[in-house]
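The values are calculated or read from the model by the stated rules, or taken from the named source; none is laboratory data. All figures in this text were calculated on a predicted structure; none of them were measured in a lab. Here Cβ is always computed from backbone atoms with ideal geometry, including for glycine, and neighbour counts include all displayed protein chains. Just the protein is used for accessible areas: all its heavy atoms, side chains included, with ligands, DNA and RNA removed. Shrake-Rupley method; radii C 1.70, N 1.55, O 1.52, S 1.80 Å.
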Amino acid sequence: MAVLRTYSDVLAFDGGPTEAEQKLIEACKTGEPCDLEDGTLPETATPARVIRAEVLRYLLLGGCKDCQLDSRGVRLAGAYIEGSLDISFAKTQGATQLQNCHFTALLDSTQTHFELVILSGSHLKGWRAQGAKCDGSVFLREVTASDTIQVNNTRFGGQFNCDGARFDVENSLAINAQGAAFDGSVSLRHIAATGTIRLDGATVTRQLNLSGARIKTTGRFAIVATKAQILGGVFLHPRTQGEKDAITSAFHCTGEIRLNGAKLGGIYAQQTTCIATSTGQSLSLGGATVNGAVRLDGCNSTGELLLAGCRISGRLTCERITLKNDTGHAFNGQAMQVDHSFVWKKVDHTSGAVSLNGAHVAELDDHPDNWPDSDNLFLDGFTYDRIKGKVSTSSERMEWLQNGSYFGDEFRPQPYSQYAKFLWDTGHDEDARRVLYEREQLRRASTRAQRRAAQGRFALPLNLWFGFWDILLRLVVGYGHYPFRSVAALATLICCTIVPAHYAWEEGSFAPNAAPVLVSQDWTTLARTEEQPAAVWSGDALPTGSDLTASDWKATAPGRDWETFNRYAYGFDVVIPIIDFGQTEAWAPSTNRGPVGWHLWWARWVFSVMGWIVTALGAAAITGIIRRD
C-alpha cells in the first residue's frame with residue numbers, strides 16, 4: 001500500500017483522483033457527508049463508487065496544509081473501497097464514518113487512535129484493531145464480515161454496537177475482544193454468527209446485550225467471557241417490540257456460553273435456547289460473581305447448566321425451563337451461593353443429573369414434585385435459611401428428600417438433617433421429628449445393605465443383631481424422636497404378662513414363693529388334693545368337699561395372711577423393674593402343674609428382660625441421653 005502524505009501525492013497517484021474520490025475530497029473540505037449513489041451498499045466497482053484505500057487513508061488522517069479538511073472528519077457512504085486500508089499506529093481526525101461501504105480487503109487499524117467509528121451497513125473482509133483506542137463509540141450495525149473482528153485490548157470510550165450484524169467466519173472467531181475495555185454497552189442484538197465471540201478479561205461498564213442473537217459454531221464455544229467484568233449484566237432475553245410481551249425473536253445458541261470467573265451485574269436469559277455442541281456446558285458460570293439476578297425463565301438447555309461455585313447476590317430463577325443432558329449433569333449448582341431466592345418451578349427435566357451438593361440459598365421457592373428422581377438428584381450439603389410457601393412433610397417433599405440423599409447405594413443423611421433443622425427453627429416440631437425418624441430408618445437400612453454387599457465373615461450375624469436392635473429402637477422410642485412410645489411398649493408387655501398369669505392362676509399353676517410354705521403340712525396337703533391349691537390355700541376358693549361358706553373359709557384359710565395374688569399387679573411387677581408390688585416375691589408359676597404355668601415360667605424372664613430394656617430406652621430418650629437431632 002502506497003503512503004500518500006501530501007495533496008500532490010494524491011494528484012499524482014495512479015492517474016489522479018477518481019470521480020468518487022474527487023467528490024469525497026470536496027465533501028471533507030466542507031465537512032459535509034458524501035453519499036455515493038444514494039449511499040447504498042455497492043456490489044461491484046463502478047467509477048462513481050470506487051475509492052482507493054490509499055486516498056481514503058490520506059483523508060482519514062486529516063490531509064495536509066495544501067488540502068485543509070474540516071475537523072468533522074470523513075463521512076462517507078456507498079463506497080467501493082479497493083485495496084487494504086491500513087491506518088495502523090496513526091491518529092484519525094474527526095469521525096471515521098464509512099457506512100454501507102464495500103471493503104475488498106482487510107481493514108487494519110492496529111494501535112490506531114479514533115474519535116468516533118461508524119462502519120454500519122458495510123461489508124468487511126475483517127477488521128484488525130488490536131490495541132486501538134476510540135474516544136467515543138464504535139458502530140458496526142448490520143455489517144457483514146467474512147473474517148474476524150479483532151478488537152482485543154482496545155479501549156473504547158462509548159458503546160460497541162453490532163446490532164443486526166452477520167459474521168460468517170466458520171471455525172474461527174467472529175469477534176475477538178479479549179482484554180478490551182468498553183466504557184459503555186456492548187450491543188450484539190440480533191446478530192447472526194457462525195464463529196465464536198470472545199470477551200475474556202474484558203471490562204464492560206454497562207451491559208452485554210445479545211437479545212435475539214443467533215450464534216452457531218462447529219467448535220465447542222459460542223461465547224467466552226471468562227474473568228470478564230460486565231457490570232451492567234448479560235442480556236440474552238428476547239427482544240420485545242410494540243406490546244409489552246410481544247416476542248419477535250429469541251436468543252438461540254449452538255455452542256457453550258462460558259462465563260467462568262466473571263463479575264457480572266446479572267444474567268437475564270429468558271426464552272433462550274442454549275445447546276452444547278459436545279458433552280460440555282450449555283451455560284457455564286463456574287466461580288462467577290453475579291451482583292444481581294440470574295433469570296433463566298423459559299430457558300431451553302441441552303447440555304450442562306453449570307453454576308458450580310458461583311456467588312449470586314440476587315434471585316436465581318429456574319422456572320418453565322427445559323433441561324436435557326444425556327451424558328452428565330443437566331444442572332450443576334454445587335457449592336453455589338444465592339443470597340436471595342432460588343426458584344425451581346415448572347421444570348421439564350428430560351435427562352441428566354441435578355446437583356446442589358454443598359450449595360446454600362437464602363430461600364428455596366420450589367415445587368417439590370418438579371425435581372428429578374433418585375438417580376439424578378443430589379442434595380448432600382445443600383442448605384437454606386427458609387422455604388417459601390407451605391411447609392409440610394407431604395409425600396412429595398419426603399420423596400424429594402429421599403431422592404436427593406443417595407449417592408449410588410450410599411445414603412447421605414444431611415438433606416434430612418437440614419430440613420429438620422429448618423422445621424425446628426420455624427416451630428414445626430412434630431414434622432421435624434417425622435423427618436428425623438425417617439432419616440434414621442433409611443440410614444440404618446443403608447448401613448445394613450452396605451454390610452451385606454461387603455460380604456464379610458460376620459456380615460450376617462451383625463446384620464441380624466443390628467436389625468433386631470433397629471426394630472427395637474424404632475418400635476420402642478422411635479429412634480429417640482418418639483420417646484413416649486416406650487409407654488405403649490410397656491403397656492403391651494404388661495398385657496402380654498397379665499394374660500398368661502390369669503390363665504396360669506386359673507390352671508392352678510401358681511405356688512407361694514417361699515420354702516417354709518412349700519414344705520408346710522397345709523400346703524402339701526392342698527397341693528396333693530386340689531386342682532387350684534394356691535387359690536384354696538389363700539382363701540380365694542373352697543376346698544373340695546368342704547361344707548364351709550366362702551367367708552368362713554376365707555377367715556380360716558392357711559394362707560389368709562399371705563400376699564393376695566393380683567394378675568394385674570403381677571404383670572406390672574414382672575415388666576417394670578423399678579416398681580415392686582411384692583407379687584413376684586410372693587408367687588411363682590409352677591412348671592409341673594400345667595402347660596400355661598410351664599410357659600409362663602420361661603416367659604417371665606423374657607418379659608422381665610424386655611421390661612428392663614424398654615424402661616431404659618424410654619428413660620434415655622426422655623432425658624435426652626439418646627440424641628434426637
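Quick notes on this structure:
- Rolling a 1.4 angstrom probe over the protein heavy atoms with all chains in place gives the chain an accessible area of 44 Å² per residue.
- Modelled label reach - ASP66, point 7 Å along Cα→Cβ, region 1-20 residues with backbone N closer than 18 Å: 2-18
- Net charge of the neighbourhood of ASP580, taken over other residues with C-beta under 12 Å away and scored Lys/Arg +1, Asp/Glu -1, is -3.
- Estimated 222 nm signal from helices in the chain, with DSSP H stretches of n ≥ 4 weighted -39500 (n - 2.57), rounded to 500: -9000 deg cm²/dmol
- Of the labelled figures (i) 1.05; (ii) 1.75; (iii) 0.94, only one reflects Cα Rg over 2.2 N^0.38 Å as derived from the coordinates, namely (ii).
- Theoretical FRET efficiency, 1/(1+(r/R0)^6), r = Cβ-Cβ of LYS216 and GLU43, R0 25 Å, to 0.05: 0.45
- Region 407-526 shape via C-alpha gyration tensor axes, a/c threshold 1.5: oblate
- Computed extension gain for LYS421 through ALA362, at 0.36 nm per residue and net of the alpha carbon distance, reaches 19.8 nm.
- For the peptides 513-520, 133-140, 368-375, 470-477, residues were scored by their other Cβ atoms within 10 Å and the scores averaged per peptide; the highest-first order is 133-140, 470-477, 368-375, 513-520.
- Protein-only accessible surface order, largest first, of TRP469, TRP344 at 1.4 Å: TRP469, TRP344
- To put it simply, the accessible area of the chain at a 1.4 Å probe is 51 percent carbon and sulfur.
- Counting only DSSP beta bridges whose two residues both lie in the chain, roughly 5 percent are antiparallel.
- Heavy-atom accessible area order for LYS554, LYS216, largest first, 1.4 Å probe: LYS216, LYS554
- Taking the C-alpha atoms only, the angle from helix 459-477 to the longest principal axis of the chain is near 80 degrees.
- Helix axis angle, 19-30 relative to the chain longest principal axis, alpha carbon, degrees: 80 degrees
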